[in-house]
Amino acid sequence: MPSTATVDFTDTVAIVTGASGALGSAAVDRFREAGATVCALDVVAPDSEDAQLEPGGGYHFYEADLTDEDELESVIDEIVDDHGRIDHLLNIAGTWRGGDHIEETDLEEFDLLLDINLKTAFLTSKHALPHLQEREGSIVSVSARSGLEGGEGDGPYRITKAGIKILTETLAEENLGTVRANCVLPSVIDTPMNREMMPDSDHDTWVDPREIADVMAVLCSDAASVTSGAAVPVYGEA
């Protein structure tokens, strides 16, 4: 489905974390289409067969463990050295796990979700903020509809996604007038992995990653210049 919103990010630099995943790669494409120089961060490189994600043409990949503060700080410094600025940060790195009730949940499972879903966004925001403040830039993070309330069987996931919403609101309050921070709340995203995990679901009601990337682009654009601290539903019909 083609993007419908017109945004122009010419002469800006955007960081996309989790850039090798389905939503991350959609965001990379969307911001490149809008003219941004995209710095893609992930612990693994994207599929080299995907011509859309070859280096050059406004796309630059940086391999980094986003849970390692020293490594992440070094990568942020490298990006600024390479491109001179940071205008937009998209905190997309994350994963989903179902599981057991809290009393039966292994600490390792909780730590994994806390690290990937929340710690990555905290650390990337922390080290990108001084550069975003210089540009009066924007942050868009990925929370989740399920992070709005408790539920059975995936408590640690919900907890970490609720944390993203609170992190977003905190960033917005601490940076009034300088950096705008918002988050999106997906339900079920139409990805190959989700189709494999839920083959009997109604996939037609799921939201295409490109549609979510389009909303993220609008939130980073001048069209949302008065919007900060928002949690925007991107449920579609899911």
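The values are calculated or read from the model by the stated rules, or taken from the named source; none is laboratory data. Just so we're clear, the structure is a prediction, and the values are computed from it rather than from any experiment. Every residue, glycine among them, receives a Cβ derived from its backbone with ideal geometry; neighbour counts consider all protein chains shown. Accessible surface is based on the protein model in full, side chains and every heavy atom, while ligands, DNA and RNA are left aside. Shrake-Rupley method; radii C 1.70, N 1.55, O 1.52, S 1.80 Å.
Computed quantities for the displayed model
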{"item": "Qualifying positions in segment 93-119 - crowded, with 20+ Cβ neighbours inside 10 Å and small (G, A, S)", "result": "A93, G94"}
{"item": "Subset tally (residues that are farther than 25 Å from V7 by Cα and at pLDDT below 95) for segment 47-72", "result": "3"}
{"item": "Unmet criterion (only one of (1) under 16 Å from the mean Cα position of the chain (by Cα); (2) over 21 Å from A34 (Cα atoms); (3) of a type in the set (S, T, Y); (4) at pLDDT 90 or above) for S187", "result": "(4)"}
{"item": "Scan of segment 61-72 for residues that are assigned to a helix (DSSP H, G or I), open to solvent by 60 Å² or more (accessible area, probe 1.4 Å) and either touching a residue at least 12 places away in the same chain (Cβ under 8 Å) or of a type in the set (V, I, T) (or both), ordered by number", "result": "E69"}
{"item": "Of residues in segment 125-154 being charged (D, E, K, R) and closer than 26 Å to I86 by Cα, the one farthest from the chain's Cα centre (by Cα)", "result": "E134"}
{"item": "Output for segment 73-131, where each listed residue is free of Cβ contacts under 8 Å to residues at least 24 places away in the same chain and outside any helix (DSSP H, G or I)", "result": "T95, D106"}
{"item": "Count - residues of segment 147-169 that are in contact with a strand residue (DSSP E or B) (Cβ under 9 Å, 6 or more places away or on another chain), open to solvent by 20 Å² or more (accessible area, probe 1.4 Å) and among the small types (G, A, S)", "result": "0"}
{"item": "Check on V38, of a type in the set (V, I, T) and in contact with a strand residue (DSSP E or B) (Cβ under 6 Å, 6 or more places away or on another chain)", "result": "yes"}
{"item": "Complete set of residues in segment 216-238 that are open to solvent by 30 Å² or more (accessible area, probe 1.4 Å), outside any loop (DSSP other than H, G, I, E, B), closer than 20 Å to I166 by Cβ and not small (G, A, S)", "result": "V232, P233"}
{"item": "Residue count for segment 120-146, restricted to those that are open to solvent by less than 30 Å² (accessible area, probe 1.4 Å) and in contact with a strand residue (DSSP E or B) (Cβ under 7 Å, 6 or more places away or on another chain)", "result": "14"}
